[in-house]
Amino acid sequence: MTITRFAPSPTGYIHVGNLRTALFNYMIARKAGGSFILRLDDTDPVRSKQEYIDGIMEDLTWLGLKWDRVEKQSNRLDRYEEAAQTLRDMGRLYECFETPVELDLKRKKQLNMGKPPVYDRSSLKLSEEEKAELRKTRESHWRFRLDWKPIEWTDGILGDRSIDGSTVSDPVLIKGDGQFLYTMASVCDDIDYGITHVVRGADHVTNTATQIQIIQALGGTVPAFAHHSLLTGPQGEALSKRLGVLALRDLRAQGIEPMAVLSHMARLGSTEPIELCSSLDQLIEGFDIATFGAAPTKFDVEDLGPLTAKYVASLSVEDMVDQLTDMGVPADVQPDFWNAVRENTATRAETAKWWDLCANGAAPDVADEDKAFVDTALTMLPEHPWTNETWKAWTGTVKDATGRKGRGLFMPLRKALTGMEHGPDMSKLMPLLQKAGV
């Protein structure tokens, strides 16, 4: 059975970068009829907060990404300690005492000598007496001792990968304060939950190499890994500085539609064109991880606007009945109103401005050079009620009387009735204008 997971840390809200990882793992599981786990990496007791857990669940629910179960790492600390002891007994987890300053000095010295900044394993040379003495004055942390041999796997996106274990620092699995770090906790979870596929960002490639050895040391089955490209801004700039304004909750507040976000993210960085899909099922059916590339992928939040407008335009009046009712649109008017404004509505919320125009009218916008023309035209405006034929009949009469045509005819009349240069088809809009022309 295919089992995937999305593993956010509840130390903030989900942003577009997180979503890509969540969506890929979700679609892999659902396409195979498997299971999708929401795993909350909440081992940091200071930064992890319930409000972020609630926010993560709210965002995933908004998108329609339904998880099969929730797991919290904070409930599994005993399991991580058990695994750590197993590694200690095997001689694969060893105690270290360097401070961050000392480690930084070592790295700088190695770089100055033209060597890779790999941990030198000096703590392995300490005697038990030396360790006992060091424990009196400083905290210790624990590193996993890597086998210095090639670590190989076939990546679902990057292809065949090989990283020499001797070129990578032994990873720290437990901090000085006893907190289990991501690598240790994640490996235990992936083993215990039977995770079969892990999709994540390309910045985890080296981390994957170390995790493969830890999984093997603990007797687990190595999942299939795939590393998608990282997102940049539209000009290729680092996206990290902008992620605070690209949280999913902020996009939702702007009226961006879930299917616009999902359709964009499901194809961004692949060889397939980005197209608006009508449902998650349609996205899943066309998803293929092998179509994605490794090169950094440009993301522009502005691209979500046209997709949202297209999605909103595709909605039926039945889809919009709750919003239209809340806006005060009478039930018998809703079909004609929605048919008139749907192609000119960027978001669902923007529909309200069109109903305000229909119900309350708008101040005319008439240029000085058009005042006489508009005054003359208004004398020819038929009485209410207006129909779908009123606009055509009225402009035809005005054209015959004034000789105006084209933009010079239609634009001043639109602006006189709506106060706007652009908007819905006037033939459809005029029957809905309750106060214009009065």
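Computed from the coordinates by the stated procedures, all read-outs in this text should not be read as laboratory data. Just so it is clear, the model here is predicted, and its values are computed rather than measured. Neighbour counts run over all protein chains shown; Cβ positions are idealised from the backbone, glycine included.
Want the number for T325 to A313: 0.36 nm per residue separation, take away the alpha-carbon distance, what's left?
2.5 nm
Between T387 and A32, what length in nm is gained on full extension when 0.36 nm per residue of separation is reduced by their alpha carbon distance?
Once the chain is fully extended between T387 and A32, it gains 122.5 nm.
How many nm is it between the label spots at K149 and R252, if each spot is 7 Å from the Cα in line with the beta carbon?
4.9
Pulled fully out, how much extra length does the chain show between E58 and E81, if you take 0.36 nm times their separation in residues and subtract their Cα-Cα distance?
Full extension from E58 to E81 adds 5.1 nm.
For the stretch 273-343, just run the numbers: alpha carbon Rg, then divide by 2.2 N^0.38 Å, N being how many residues it has.
Normalised Cα radius of gyration, the stretch 273-343: 1.54.
Mind giving me the FRET efficiency for A367 and D303? R0 is 35 Å, r the Cβ-Cβ distance, nearest 0.05 is fine.
Calculated transfer efficiency: 0.50.
Could you pull the Cα extents of the stretch 332-399 along its three principal axes, largest to smallest, in whole Å?
38, 26, 20
Write down, largest first, the equivalent ellipsoid semi-axes of the chain in whole Å, where each equals the square root of 5 times an eigenvalue of the alpha-carbon gyration tensor.
Equivalent ellipsoid of the chain: 62, 21, 19 Å, largest first.
Assuming R0 = 56 Å, can you tell me the calculated FRET efficiency for the pair K399 and R138, based on Cβ-Cβ distance, to the nearest 0.05?
0.05
Which links in K310/K399; K115/K175; K353/K415; K136/K175; K310/K415; K66/K175 stretch past 23 Å when you go from one Cα to the other?
K310/K399; K115/K175; K310/K415; K66/K175
Between T221 and V70, what is the FRET efficiency for a Förster distance of 25 Å, r being their Cβ-Cβ separation, to the nearest 0.05?
Taking R0 as 25 Å, the efficiency between T221 and V70 is 0.65.
Let me understand the stretch 43-160 better: what is its radius of gyration from the alpha carbons, and its Dmax, in angstrom?
Spelled out, the Cα radius of gyration and Dmax of the stretch 43-160 are 20.3, 57 Å.
Between the DSSP loop rule and a limit of at most 13 other Cβ atoms within 10 Å, which GluC sites (Glu not before Pro) in the stretch 125-202 are left?
In loop regions of the stretch 125-202 (DSSP not H, G, I, E or B), the sparsely surrounded GluC sites (Glu not before Pro) are E139.
Counting only helical runs of four or more DSSP H residues, what would the 222 nm mean residue ellipticity of the chain come to if each run contributes -39,500 (n - 2.57) and the total is spread over all its residues?
Calculated mean residue ellipticity at 222 nm is -12500 deg cm²/dmol.
Put +1 on the Cβ of each Lys and Arg and -1 on the Cβ of each Asp and Glu in the stretch 31-151; which of Q73, L87, L63 then has its Cα farthest toward the positive end of the dipole?
L87
Going by amide H atoms built from the backbone, whose H comes under 5 Å of the H on I151, apart from near neighbours?
I163, D164, G165
When Lys and Arg each count +1 and Asp and Glu each count -1, what net charge do the other residues less than 14 Å away from D356, Cβ to Cβ, add up to?
Spelling it out: positives minus negatives among the neighbours equals 0.
Could you check the spin-label model distance between K353 and D336? Points 7 Å from the Cα along Cα→Cβ, value in nm.
Spacing of the two 7 Å Cα→Cβ label points: 2.4 nm.
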